[in-house]
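Contents: one structure, followed by commentary.
The values are calculated or read from the model by the stated rules, or taken from the named source; none is laboratory data. Bear in mind the structure is a predicted one, so any value in this text is a computation, not a measurement. Cβ coordinates were reconstructed from backbone atoms using ideal geometry, including for glycine residues, and neighbour counts include every protein chain displayed.
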């Protein structure tokens, strides 16, 4: 009996490879104006996902197109809530026009990382989602601050990364550090395989830590993301795995 793997990817960010990535994944996180994206790109990406039977999710971030949402911004709690709320409403409106259900929400970049460790940031994000009156699944790192803040308020799915290295405490290695990204396709496959089969991974320092996750992310803006996904699919065919659809 085959085991399914749920792979998600960040798309709609102007990387130019969405048409190659989306057929190879189960769910996509679509930029909705904070770090990238606008109404046109959201519509085009949603249409592409619909064509390929891929679940769609909103991918809000700090309002920071200059740094692609990967710089920590100082905002008040109310400012951040309003910012995320507006991004979600914009995305929900396009999804409704395209008659595609919104499956999930997944934060981007610095907002994802900071909401995982900072209570006021997590509170602001949860407040924004609740204010929309919509209850999609929220992708979160297991045992993060955001996980505990959103628990019992929103449906959750735990996420880990195929193409990022981890610290011993389970946080992602900063992109400013060497070896933060996994660019080797076989190394990415081995990390995914270990996550799925053993619920653990090897950290950047060589230790083994447990990781609880049921969806696994690859970044669409990485230069060889298509090559990595194609390799993963080839390896899945050779083993007892298949893509969850």
- Residue within the stretch 197-212 that is at pLDDT 95 or above, within 30 Å of residue 133 (Cβ to Cβ) and under 16 Å from the mean Cα position of the chain (by Cα) present: yes
- Answer yes if at least one residue in the stretch 73-88 is within 27 Å of residue 23 (Cα to Cα) and under 19 Å from the mean Cα position of the chain (by Cα), and no otherwise. yes
- Query: Given the stretch 171-228, what strands (runs of 3 or more DSSP E) lie entirely inside it while holding 1 or more residues that are touching a residue at least 60 places away in the same chain (Cβ under 8 Å) and in contact with a strand residue (DSSP E or B) (Cβ under 6 Å, 6 or more places away or on another chain)?
  - Reply: 215-219
- Do we find a residue being assigned to a helix (DSSP H, G or I), buried (at least 16 other Cβ atoms within 10 Å of the Cβ) and either in contact with a helix residue (DSSP H, G or I) (Cβ under 9 Å, 6 or more places away or on another chain) or without any contact (Cβ under 8 Å) to a residue 12 or more places away in the chain (or both) anywhere in the stretch 148-162? yes
- Message: Under 6 Å between Cβ atoms, which residue pairs at least 6 apart in sequence (or on different chains) link something in the stretch 1-18 that is under 16 Å from residue 192 (Cα atoms) with a partner that is at pLDDT below 95 and buried (at least 23 other Cβ atoms within 10 Å of the Cβ)?
- Response: 9/220
